[in-house]
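A single structure is presented below for examination.
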Amino acid sequence: MTDQENDFPQKNSRVAIENVTPEIDGGQFALKRAVGERVVVEADIFADGHDVVSAILKFRPEKSEQWQETSMAFHANDRWRGEFSVSQAGVYFYTIEAWVDHFQSWRRDLKKRLDADQDVSVDLLTGAEMIEAAAKRATGADAEQLRSRAAALREEKSPAVQRALDPQMASLMARFPDRRLATVCPKEFRVTVDPLLARFSSWYELFPRSLGPEGKHGTFKDCEAALPRIAEMGFDILYLPPIHPIGKSFRKGKNNNPKCQPGEPGSPWAIGSSEGGHKSIHPELGTLDDFRSLVHAARGLKIELALDIAFQCAPDHPYLKEHPEWFLTRPDGSIQYAENPPKKYEDIVPFNFECDDWRGLWRELKSIFEYWIGNGIKVFRVDNPHTKPFAFWEWCITDLKKKSPDLIFLSEAFTRPKVMYRLAKLGFTQSYNYFPWRNSKYELTEYLTEITRPPVSDFLRYNLWPNTPDILTQFLQSGGREAFMIRLVLAATLGANYGIYGPAFELCENTPREPDSEEYLNSEKYEIRRWDLNAPQNLAGLITRLNQIRRENPALQSNSGLQFHPTDNDQLVAYSKMTPDKSNMVLVVVNLNPYYTHSGWLDLPLEDFELDPRRTFQMHDLLSDTRFFWHGQKNYVELNPHRLPAHVLRIRRYSRTEHDFDYFL
């Protein structure tokens, strides 16, 4: 080959492939799906001139070298679309291949010439040659059928000409195209496929140490005894704060008092003491065998145990003696504790991720995950991941999921949007978010629309929490029991994944430590609490009913398809979710005001729900078991927050019989 020939492209391809979606940052990161979900891929695909183009979507699991293929269809304005389903957890790859389809171009032009009564004898010979070439690429009966059709064309038999134009011929030729000059998209895009629990889950958080009898520290055995109640309420993930030994140096007392009184247990997030560190269990909780028994018992009730992973240490954590190089030493020789000026956290020492032995530190931190995975844990809530290097999380999570693709990582990152999004791109399965502080109709509509639409929805899977041990919002503080009901319904129906800091939420705990604070008075983070879960004001019944509704209605088990609907009252927010086949459709209307009854007119797009504007349809309130008959696009709603602040409505259409309703399951 001459130097001049080296200047030519390797292939004389005529097709351009541009603007492939979905893709995350030009293919740098993987998009997210759960097992069984579809990946719908679009791209601009076109060629010079007027020839017909054909395109295929190619996909494969990471462990397979063999591409699977499915055809792409022309959508509009040179935009093409194809889709595939992901059937197993792990990583998938996809790309696009397209070519000029000379047979389809010939077929199109032949029809035009026949319609114009032109001589097509030469055209038939051209078609016969293409069909014969395809026969050489085919085998068996397909090859024989192609040769037979080509021979008939050469004889210019009228039935053969018509058969060359029929859909069966097009389908047969499409199976054996000439792809020698095809254009292959230069990028292979990735999909991280997570287990179903990543898409749909209900989380319940509790402190095991608060489950013991009066005057005693709770244990894993006490936690095991609480499992049936949690299962009855419909939760499938039980999340425990750190279960490790708690540091004694600079231990915090009640209400975050810097001076700890004798007998006070300290914060579980101040991890490590002479009794061990991140791979040890607080002795008062029980033994490793007790922990394994809890994991086993929970799984028997279809509950996964989630552990909190907090990469920080108490001053007496063994790491400080064994690896002082992993921590920042100040000029006076002391170890730098955690600070967020003017706040000081003397009971916590952060790792120095810029230390010289950063590789050793990374390996050890990853081994903490591996240790608990080895003891049956598949779900992790990660504390403050935004204060650790992005590169660490990408390396750590990628490696862990190669070995265990069914792991789930919940990012506890109430931080700037771009930082939150970056963590999701790096591998976190689910993410905390700004939902606790979005209260008005405008705020909820704007924020939930943002995070349920591409590109954000392709990498961020949100988990809605109305409260946490760190967050008691002003809305919950001031709105009473009604405020808790409102936020519960919103979290459970706006999000396929949601959670509550359990006992405090059930009992509508709403007293702040001080004015303008989101910290609880008598916070369970610093003391052992005793909860009367049978108290009259508890929300267990409503929680149980909502979780049952979620399980019985597939529309609520996904974040896709969330659609907000206009109301003429800003205190009423209305939204719907439906399955792709519209066999399950749920409309939710919530009174956002915890003090007063509000009413208004709801504008429902009937065509989206395939509702006949001439006929009455039934709305079945799944919360109250009340049934309403609606007609037309505008319907009246009135909600008293002191009774029930919301409707969760299953839309029921008339069946083909005149009077029977049909769920269209």
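The values are calculated or read from the model by the stated rules, or taken from the named source; none is laboratory data. Bear in mind that the values here come from a model prediction, so they are computed numbers and not experimental data. Here Cβ is always computed from backbone atoms with ideal geometry, including for glycine, and neighbour counts include all displayed protein chains. Keep in mind that these areas ignore ligands, DNA and RNA; they rest on the heavy atoms of the full protein, side chains included. Shrake-Rupley method; radii C 1.70, N 1.55, O 1.52, S 1.80 Å.
Residue 70 to residue 264: FRET efficiency via 1/(1 + (r/R0)^6), r the Cβ-Cβ distance, R0 56 Å, to the nearest 0.05?
Numbers: r = 62 Å, r/R0 = 1.11.
Between residue 70 and residue 264 the formula returns 0.35.
Here's something else I'd like to know. Name the GluC sites (Glu not before Pro) in the range 320-372 that are in a loop by DSSP and that have at most 10 other C-beta atoms within 10 Å, would you?
On the way: sites: 322, 325, 339, 346, 354, 364, 370; in loops: 346, 354.
Here the GluC sites (Glu not before Pro) that fit, given the DSSP loop and packing criteria, are 354.
Next question, about the same structure. Setting aside same-chain residues fewer than 8 positions from residue 403, which aspartates and glutamates have a Cα under 18 Å from its Cα?
62, 194, 364, 370, 394
With r as the distance between the Cβ atoms of residue 370 and residue 416 and R0 = 41 Å, compute the FRET efficiency 1/(1 + (r/R0)^6) and round to 0.05.
Approximately 0.85, to the nearest 0.05.
Normalised radius of gyration for the range 441-489, please: alpha carbon Rg relative to 2.2 N^0.38 Å, two decimal places.
Compactness ratio reported: 1.36.
I would also like to ask the following. Write out the GluC sites (Glu not before Pro) in the range 14-113 meeting two conditions: DSSP loop, and at most 12 other Cβ atoms within 10 Å of their Cβ.
Answer in residue order: 65.
Per residue, what accessible area does the chain have, given a 1.4 Å probe and all protein chains present, in Å²? Each step should come with its number before you reach the end.
Numbers: 30150 Å² over 665 residues.
Per-residue accessible area for the chain comes out at 45 Å².
Hey, any idea what % of the range 288-383's accessible area is carbon plus sulfur with a 1.4 Å probe?
Its accessible area is 51 percent carbon and sulfur atoms.
If I stretch the segment between residue 529 and residue 601 completely, what's the gain in nm (0.36 nm per residue apart, minus their alpha carbon distance), one decimal?
Taking 0.36 nm per residue and subtracting the Cα distance, the gain is 21.4 nm.
In terms of the ratio Rg/(2.2 N^0.38 Å) built on C-alpha atoms, what value belongs to the range 287-337?
1.81
Which whole-angstrom value gives the distance between the alpha carbon centres of the range 129-196 and the range 385-416?
46
Further question: For 119, 25, 109, 383, give me the order by solvent-accessible area with a 1.4 Å probe, most accessible first, ignoring ligands, DNA and RNA.
Result, largest first: 119, 25, 109, 383.
If you place +1 on the Cβ of every Lys and Arg, -1 on the Cβ of every Asp and Glu, and leave all else neutral, what size is the dipole of the chain about its Cα centre, to the nearest 20 Debye?
960
Which Cα, out of 260, 376, 560, lies furthest along the positive dipole direction of the chain (beta carbon charges, K/R +1, D/E -1)?
376
Tell me the mean residue ellipticity at 222 nm calculated for the chain from its helices only (DSSP H runs of n ≥ 4, each -39500 (n - 2.57), averaged over every residue, nearest 500). Please list the in-between numbers first.
Numbers: 16 runs with 187 residues, N = 665.
Using -39500 (n - 2.57) per qualifying helix, the result is -8500 deg cm²/dmol.
If 462, 337, 595, 371 are ordered by their accessible area, calculated over protein heavy atoms with a 1.4 Å probe, which sequence runs from highest to lowest?
595, 371, 337, 462
Considering only DSSP beta bridges whose two residues both sit in the chain, what percent are antiparallel, to the nearest 5? Before the final figure, lay out each step's value.
Numbers: 81 of 110 bridges.
Among the beta bridges of the chain, antiparallel pairing accounts for roughly 75 percent.
When the scattering of the range 532-659 is computed by the Debye formula from its Cα atoms alone, each counted once and equally, what is log10 I(q)/I(0) at q = 0.21 Å⁻¹?
Cα-only, vacuum Debye calculation for the range 532-659: -1.37.
Rounded to the nearest 0.05, what FRET efficiency is calculated for residue 552 and residue 325 with R0 set to 45 Å and r the Cβ-Cβ distance?
In this case the efficiency is close to 0.25.
So how compact is the range 177-255: Cα radius of gyration and Dmax in angstrom?
Spelled out, the Cα radius of gyration and Dmax of the range 177-255 are 24.2, 79 Å.
Using 0.36 nm per residue, how much length does the chain from residue 634 to residue 255 gain when fully extended, once their Cα-Cα distance is taken away? Please report the intermediate quantities before stating the final value.
Numbers: separation 379, 0.36 × 379 = 136.44 nm, distance 5.09 nm.
Length difference between fully extended and current span is 131.3 nm.
Something else about it: Dipole of the chain (Lys/Arg Cβ +1, Asp/Glu Cβ -1, origin at the Cα centre): which of 182, 80, 591 lies farthest to the positive side?
Checking the options against the dipole of the chain, the answer is 591.
Still on this structure: So what are the ³J(HN,Hα) numbers for the range 90-96, from phi and the Karplus equation (6.51, -1.76, 1.60; θ = phi - 60°), rounded to whole Hz, Gly and Pro as x?
The phi angles translate into x, 10, 10, 10, 9, 7, 10 Hz.
Heads up, I need the accessible area for residue 335: 1.4 angstrom probe, whole protein in place, Å², nearest 10.
Per-residue accessible area (residue 335): approximately 50 Å².
A follow-up question, please. Can I get the semi-axes of the range 473-610's equivalent ellipsoid? Compute them from the C-alpha gyration tensor as square roots of 5 times the eigenvalues, in angstrom, largest first.
Sorted largest first and rounded, they come to 32, 18, 12 Å.
Return the carbon/sulfur percentage of the accessible area of the range 114-244, one whole number, probe 1.4 Å, all protein chains in place. Don't skip to the answer; put the middle values down first.
Numbers: 3250 of 6140 Å².
Reported share for carbon and sulfur atoms: 53 percent.
Let me ask another. Note down the nm distance, to one decimal, between modelled labels 7 Å out along Cα→Cβ at residue 404 and at residue 287.
2.3
Let me ask another. So, in Å, what gap is there between the alpha-carbon centers of the range 419-468 and the range 285-326?
The range 419-468 and the range 285-326 have Cα centres spaced 28 Å from each other.
Sticking with this one: The range 11-25 to the range 485-559: how many Å between their Cα centroids?
47
Once you compute Rg and the Kirkwood Rh from C-alpha atoms, what is the Rg to Rh ratio for the range 50-181? Don't skip to the end; give the middle numbers.
Details: Rg = 17.3 Å, Rh = 16.5 Å.
Result: Rg/Rh = 1.05.
Right, another one. Under 13 Å from a label point 7 Å along Cα→Cβ of residue 139: give me every residue in the range 55-94 with its amide N that close.
Hits in the range 55-94 for residue 139 at 13 Å: none.
Run down the lysines and flag those whose C-alpha is under 29 Å from the C-alpha of residue 111, throwing out any fewer than 8 positions away in its chain.
Cross-link targets: 136, 157.
For residue 478 and residue 334, calculate 0.36 nm times their separation in residues minus their Cα-Cα distance, and state this gained length in nm to one decimal.
This chain segment gains 47.5 nm when fully extended.
Continuing with the same structure: Could you compute how much accessible surface residue 79 exposes when probed at 1.4 Å, giving the result in Å² to the nearest 10?
Approximately 40 Å² for this residue.
Helix 474-494: angle to the longest alpha-carbon principal axis of the chain, degrees 0 to 90, nearest 10?
The angle comes out near 30 degrees.
Between residue 180 and residue 126, what is the label-point separation in nm under the 7 Å Cα-to-beta-carbon projection?
Here the answer is 1.8 nm between the modelled labels.
When the dipole is taken about the Cα centre of the range 22-104, and only Lys, Arg (+1) and Asp, Glu (-1) are charged at their Cβ, what size is it in debye, to the nearest 20?
440
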